[in-house]
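Novice: What follows is a single structure, and I will ask about it in a moment.
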C-alpha cells in the first residue's frame with residue numbers, strides 16, 4: 001500500500017497529521033506524494049534517515065567521487081553499445097566522443113546505470129522476468145535552484161526544511177547550506193537549495209533559466225515572504241533522473257529480482273541505486289557488493305566459469 005493508504009487505516013495519522021507530518025516528510029525526502037509510492041519508503045525514512053546522524057562533505061559531494069576515482073581510467077563522453085559475457089571473460093563495445101568505435105576485453109564487468117537501460121546494454125543476458133522488471137523502473141526528476149541571498153532567512157536554524165503540500169504542492173523543500181556546514185556562504189549571507197516535486201519538474205525542466213527562476217521564487221514567497229528581494233544570484237540544475245519512483249509492490253518484485261540474480265554465476269555483476277531505496281549509501285554499498293561478487297566469480301574454479 002501507499003503511505004496515504006496506511007495512514008487512512010490507522011487512527012490519528014490522517015487529516016493534518018498526514019498533510020503536515022507524514023506526507024510532508026515523504027515529499028521532502030523523495031520529491032513524490034505519499035499517495036503514489038510504496039509504504040516501505042516511509043518506514044525506510046523513519047528508521048534509517050530521520051533517526052540517524054547525517055554527514056556533510058566540507059568541500060561538497062564531488063570530493064567523494066574524486067576520492068573514489070583516484071587511480072582509475074575514467075572515460076567521459078562515451079556510449080557503451082554492448083556488454084557481452086564470453087566463456088573466459090567479457091567484451092565491451094563502446095563509442096568515444098569522436099564517434100570512433102572500440103571493443104575491449106576483460107575478466108569481468110560491473111554495470112552501474114539506470115536500471116531501465118541495463119537490458120539494452122547487455123542484450124540476451126537476463127531472463128525474461130528480470131528484463132521486464134528492469135525495463136519497468138521509472139525515475140523521478142527534480143529541478144534544483146541554488147539561491148544565494150544577501151541575508152539569512154530569520155528564525156531558520158535547520159539545514160533541511162520540508163514544504164507541506166497545503167503550503168505549496170510544487171516544491172518539495174529547501175536546504176539551508178549555510179546552516180549545514182561552515183563556509184558555504186559569505187559571512188551574513190545565506191545559500192538555499194530549492195527543490196521541486198517530480199511532477200512540477202516534468203513541467204518546467206525544459207524552460208529557460210529565467211522562467212524557472214521566476215516560477216520557483218513566486219512559490220517560495222509563500223514560504224519565506226520577501227525572499228525574492230534578497231536574492232543575490234541563482235543557478236539552475238536539471239536532474240533528469242534522481243531516484244527510483246517506487247510503487248506498491250515494487251520491493252516485492254525487487255526481492256524476487258535479487259534472488260534470481262544471486263542464483264546465477266556470471267562475470268557481469270550489477271550495481272546501482274535501484275537495488276534498494278535510492279540514495280548515495282545504496283549506490284556505495286551496491287558497488288561494494290557487486291565488486292565482491294565479481295571477485296568471488298573470478299576466484300572460483302575455472303570449469304565453473306566456463307560453464308556459464
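The values are calculated or read from the model by the stated rules, or taken from the named source; none is laboratory data. Computed from a predicted model, the values in this text were never measured in an experiment. Every residue, glycine among them, receives a Cβ derived from its backbone with ideal geometry; neighbour counts consider all protein chains shown.
Novice: Need at least 2 residues that are in contact with a strand residue (DSSP E or B) (Cβ under 8 Å, 6 or more places away or on another chain), assigned by TED's automatic domain parsing to the domain that holds residue 17 and surrounded by fewer than 17 Cβ atoms within 10 Å (Cβ to Cβ) per element, so show me which helices (runs of 4 or more DSSP H) inside the range 139-233 make the cut, counting only ones lying wholly within it.
Specialist: Per the criteria, no element qualifies.
Novice: Here's something else I'd like to know. Is it fair to say residue 237 is farther than 30 Å from residue 256 by Cα, assigned to a strand (DSSP E or B) and touching a residue at least 60 places away in the same chain (Cβ under 8 Å)?
Specialist: Yes, satisfied.
Novice: Would you call residue 286 part of a helix (DSSP H, G or I), surrounded by 15 or more Cβ atoms within 10 Å (Cβ to Cβ) and not assigned by TED's automatic domain parsing to the domain that holds residue 147?
Specialist: Spelling it out, residue 286 is indeed part of a helix (DSSP H, G or I), surrounded by 15 or more Cβ atoms within 10 Å (Cβ to Cβ) and not assigned by TED's automatic domain parsing to the domain that holds residue 147.
Novice: Using the structure shown, decide if residue 270 is closer than 22 Å to residue 35 by Cβ and either touching a residue at least 40 places away in the same chain (Cβ under 8 Å) or not assigned by TED's automatic domain parsing to the domain that holds residue 118 (or both). Before you say what the answer is, go through the steps one by one.
Specialist: On the way: closer than 22 Å to residue 35 by Cβ: no; either touching a residue at least 40 places away in the same chain (Cβ under 8 Å) or not assigned by TED's automatic domain parsing to the domain that holds residue 118 (or both): yes.
Criteria not met by residue 270.
Novice: Sort out which residues of the range 73-109 are buried (at least 17 other Cβ atoms within 10 Å of the Cβ) and in contact with a helix residue (DSSP H, G or I) (Cβ under 9 Å, 6 or more places away or on another chain), and write them in order of number.
Specialist: Within the range 73-109, 80, 83, 108, 109 qualify.
Novice: Condition check: touching a strand residue (DSSP E or B) at 6+ places or on another chain (Cβ under 9 Å) and not in a loop (DSSP other than H, G, I, E, B). Does residue 269 satisfy that?
Specialist: On the way: touching a strand residue (DSSP E or B) at 6+ places or on another chain (Cβ under 9 Å): yes; not in a loop (DSSP other than H, G, I, E, B): yes.
Here the answer is yes, as residue 269 does meet what is asked.
Novice: Let me ask something else about it. Does residue 105 meet the test of being in the same structural domain as residue 258 (by TED's automatic domain parsing), farther than 17 Å from residue 237 by Cα and in contact with a strand residue (DSSP E or B) (Cβ under 8 Å, 6 or more places away or on another chain)? It would help to see each step written out before you state the result.
Specialist: Numbers: in the same structural domain as residue 258 (by TED's automatic domain parsing): yes; farther than 17 Å from residue 237 by Cα: yes; in contact with a strand residue (DSSP E or B) (Cβ under 8 Å, 6 or more places away or on another chain): yes.
Taking the combined requirement at face value, the residue satisfies it.
Novice: Residues that are closer than 25 Å to residue 139 by Cα: which strands (runs of 3 or more DSSP E) entirely in the range 63-126 hold 2 or more of them? If you could, list the steps in order and put the result at the bottom.
Specialist: Values: elements: 79-86, 89-95, 101-106, 109-112.
Strands (runs of 3 or more DSSP E) meeting the threshold: 79-86, 109-112.
Novice: List, please: which pairs have Cβ atoms under 9 Å, are six or more places apart or on different chains, and start with a residue in the range 1-23 that is surrounded by fewer than 12 Cβ atoms within 10 Å (Cβ to Cβ) and end with one that is outside any helix (DSSP H, G or I)?
Specialist: 9/1; 16/166
Novice: While we're here: Out of 227, 217, 192, I need the residue that is touching a residue at least 12 places away in the same chain (Cβ under 8 Å) and within 20 Å of residue 55 (Cα to Cα). Which one?
Specialist: On the way: 227 fails: within 20 Å of residue 55 (Cα to Cα); 217 fails: within 20 Å of residue 55 (Cα to Cα).
Just a single option satisfies the conditions, and that option is 192.
Novice: Please state which one of 297, 240, 256 is under 20 Å from residue 135 (Cα atoms) and modelled with pLDDT under 95.
Specialist: 240
Novice: Determine whether the range 29-42 contains at least one residue that is out of contact with any helix residue (DSSP H, G or I) (no Cβ under 8 Å at 6 or more places or on another chain), surrounded by 13 or more Cβ atoms within 10 Å (Cβ to Cβ), assigned by TED's automatic domain parsing to the domain that holds residue 281 and in a loop (DSSP other than H, G, I, E, B).
Specialist: No, every residue in the range 29-42 fails to be out of contact with any helix residue (DSSP H, G or I) (no Cβ under 8 Å at 6 or more places or on another chain), surrounded by 13 or more Cβ atoms within 10 Å (Cβ to Cβ), assigned by TED's automatic domain parsing to the domain that holds residue 281 and in a loop (DSSP other than H, G, I, E, B).
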